[in-house]
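Engineer: The structure's right below; bear with me while I get my questions together.
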């Protein structure tokens, strides 16, 4: 494509060595990504970030991929090895900051294979454009999080390039490089197992495009090596005699789920639309035009045919894999699992521009119409929500727009934007076609800024809610092993955050009915009437220190505490226990601001000597009826005029001291005090006082 402005730009770029421009792109990208996420204070996406972070620490500090030293499914080797080195520093907070800088560089290295691959197909200026676009998408904001996308993004691009090179000239060296790249990608993320059908499909597509089967026959060493690696993997995973789903290791649930054909097809369609959105629509349209040329026999470059075979195969299988998985396990857009498509689409876009951006009218109109359909089919209201954003950062600008103007019609915004994009692609005069990549760069840059701000804000909110300002407060307070007692609180990610930041937390115990989601080793415990916390079978749960919600008190002394904001408990307290491990009291129904909304309960263990101390205040307008029960028996609460019901006006208070009556054998039983109210009340005193 020749245009005076473009020619002048290329001449200026050509005067600078390509390696210098590429290095500058990578350095600028890494610096900007680090600056955008350096203030991310804690992991945000639970439990994924904490899994990789704790696995990385374990790899370097204990020589194994295990969480809390317990049995842990295999998730990745390469990524924990990357993050574990800085996170294993004695100063974990410093290591966390170093990690964000390191990850900004690692994810930006994607530009290298993109440029090198592009350079084999086109002018170096357009190859640099493809590299720049690959560094601009909002998905690179994951560099501020401990997510395997950081390593997978450049590695999967490298693997796709290795596949294309081997398809062109299948020498032993290139085939060995391809096998090594596939193994590296699979060791980074098991999603890369999809590369096996991708390779077979790419071989078949290239053979069809060239009307000859020679590539299939020349690839027998690669196929044999991959079959051997696959057999070794399956043998290792099934050596203990588990179900075949063990092949998926940490993603075993994906192999055990039942998938609906209609649901899977529906989500595959949604992810086709999302792939178009995350790449900016233009590149996908350009890629389809190149594919049509190749299918009709007009593609003369073998390198381009190999590129198209790999890109189409990867897009086909990746969208199918992610769509099927999301239909059962995510129920929203799993865009972060599609990020690998963007660099390949950008290479095709740059190649199309390099060749003059030809747009035959009829063909382009059909392509533009077909490209718009998946985007216009997206259920916008369903997928654009706060809970969906960790998996789809491209949607962040739309969500923030909705926050600023709740009355805005997002369907109109997205559908109108998609329609404008395909119209621009089809109708823009050729002399102005340089506008297309500029529009993409501008859109991606603004979306990246919004995504990075959202990540930082949400992580800061998570810190305030769950961790507090001193992230390593337990490690700073004690140097002995600590247990975390989990009570089933809705914000279970608090457990993961505490385990990630505090290396002294060695065990997690779950009270009946509670369990922390994810592969965290944890043991069920029961509480006896005398307060003893025991393992199944009756053995005492070993621990000298315990951290638990403020709703519990223990036989011992509090060491340190933190406040938590915006959740159902006021905070966490670290206790030094008087052996054995015993609960003193357990409270429920009292909110952090001391409100009681209908019901509250206080259980005292080994309660033969003591009193319940209670103060209740009416908060709602008019009279509020309140009743108290001990061990299910209604209590008389007015000594001067005995009656069983309290009537509290707004602002009126009642205080009482209720002698404990054990529900069973003394010193081995509980006393349970219950408060029932007809409306909102508050309590400034709700505890058990022992004698």
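Engineer: With 622, 598 as the choices, which residue is surrounded by fewer than 21 Cβ atoms within 10 Å (Cβ to Cβ), on the phi > 0 side of the Ramachandran plot and either out of contact with any strand residue (DSSP E or B) (no Cβ under 8 Å at 6 or more places or on another chain) or in a strand (DSSP E or B) (or both)?
Structural biologist: 598
Engineer: Taking the options 68, 89, 55, 35, name whichever one is in a helix (DSSP H, G or I) and either touching a residue at least 60 places away in the same chain (Cβ under 8 Å) or touching a helix residue (DSSP H, G or I) at 6+ places or on another chain (Cβ under 8 Å) (or both).
Structural biologist: Only one candidate qualifies: 55.
Engineer: I need the full set of residues from segment 229-249 which are more than 16 Å from residue 194 (Cα to Cα) and in a helix (DSSP H, G or I), in order please.
Structural biologist: 232, 235, 236, 237, 238, 244, 246
Engineer: Okay, moving on. Going by the conditions given, is residue 55 on the phi < 0 side of the Ramachandran plot and more than 18 Å from the chain's Cα centre (by Cα)?
Structural biologist: Judged against the criteria, residue 55 is not a match.
Engineer: Answer yes if at least one residue in segment 533-556 is within 31 Å of the chain's Cα centre (by Cα), closer than 25 Å to residue 592 by Cβ and assigned to a loop (DSSP other than H, G, I, E, B), and no otherwise.
Structural biologist: Yes: segment 533-556 contains one or more residues that are within 31 Å of the chain's Cα centre (by Cα), closer than 25 Å to residue 592 by Cβ and assigned to a loop (DSSP other than H, G, I, E, B).
Engineer: Kindly indicate which of 410, 378 is surrounded by fewer than 19 Cβ atoms within 10 Å (Cβ to Cβ), in contact (Cβ under 8 Å) with a residue 12 or more places away in the chain, in contact with a helix residue (DSSP H, G or I) (Cβ under 6 Å, 6 or more places away or on another chain) and over 16 Å from residue 452 (Cα atoms).
Structural biologist: 410
Engineer: Kindly establish whether residue 419 is touching a residue at least 40 places away in the same chain (Cβ under 8 Å), surrounded by fewer than 16 Cβ atoms within 10 Å (Cβ to Cβ) and either over 22 Å from the mean Cα position of the chain (by Cα) or over 30 Å from residue 506 (Cβ atoms) (or both).
Structural biologist: Spelling it out, residue 419 is indeed touching a residue at least 40 places away in the same chain (Cβ under 8 Å), surrounded by fewer than 16 Cβ atoms within 10 Å (Cβ to Cβ) and either over 22 Å from the mean Cα position of the chain (by Cα) or over 30 Å from residue 506 (Cβ atoms) (or both).
Engineer: Another question about this same structure. Residue check: is residue 179 surrounded by 14 or more Cβ atoms within 10 Å (Cβ to Cβ), more than 30 Å from residue 136 (Cβ to Cβ) and modelled with pLDDT of 95 or more?
Structural biologist: yes
Engineer: Here is a further query. Please verify whether residue 480 is touching a strand residue (DSSP E or B) at 6+ places or on another chain (Cβ under 7 Å), under 27 Å from residue 86 (Cβ atoms) and either surrounded by fewer than 16 Cβ atoms within 10 Å (Cβ to Cβ) or free of Cβ contacts under 8 Å to residues at least 60 places away in the same chain (or both), treating the condition exactly as stated.
Structural biologist: yes
Engineer: Condition first: more than 22 Å from the chain's Cα centre (by Cα) and touching a residue at least 24 places away in the same chain (Cβ under 8 Å). Now tell me which residues in segment 503-521 satisfy that.
Structural biologist: Within segment 503-521, 503, 504, 505, 506, 507, 508, 509, 510, 511, 513, 514 qualify.
Engineer: Please indicate, with yes or no, whether at least one residue in segment 468-479 is at pLDDT 95 or above and farther than 20 Å from residue 564 by Cα.
Structural biologist: yes
Engineer: Next question, about the same structure. In this structure, does residue 56 turn out to be modelled with pLDDT under 95, more than 30 Å from residue 354 (Cβ to Cβ) and not assigned by TED's automatic domain parsing to the domain that holds residue 523?
Structural biologist: So residue 56 fails the test.
Engineer: Further question: Could you tell me which of the residues 195, 217 is on the phi < 0 side of the Ramachandran plot and surrounded by 17 or more Cβ atoms within 10 Å (Cβ to Cβ)?
Structural biologist: None of the others qualify; the one that does is 195.
Engineer: A follow-up question, please. List the number of the failed condition for residue 655; all other conditions in (1) touching a strand residue (DSSP E or B) at 6+ places or on another chain (Cβ under 9 Å); (2) part of a loop (DSSP other than H, G, I, E, B); (3) more than 20 Å from residue 552 (Cβ to Cβ) hold.
Structural biologist: (2)
Engineer: Among 323, 280, which is the only one that is touching a residue at least 60 places away in the same chain (Cβ under 8 Å), under 29 Å from residue 262 (Cα atoms) and crowded, with 24+ Cβ neighbours inside 10 Å?
Structural biologist: Within the list 323, 280, the selection yields 280.
Engineer: Right, another one. Going through 643, 625 one at a time, which residue ends up being at pLDDT 90 or above and over 28 Å from residue 465 (Cα atoms)?
Structural biologist: Unique residue meeting the criteria: 625.
Engineer: In segment 250-269, which residues are touching a residue at least 60 places away in the same chain (Cβ under 8 Å) and in a helix (DSSP H, G or I)?
Structural biologist: Correct list: 250, 251, 252, 253, 254, 263, 264, 266, 267, 269.
The values are calculated or read from the model by the stated rules, or taken from the named source; none is laboratory data. Being a predicted model, the structure only gives us computed values, none of them experimental. Cβ coordinates were reconstructed from backbone atoms using ideal geometry, including for glycine residues, and neighbour counts include every protein chain displayed.
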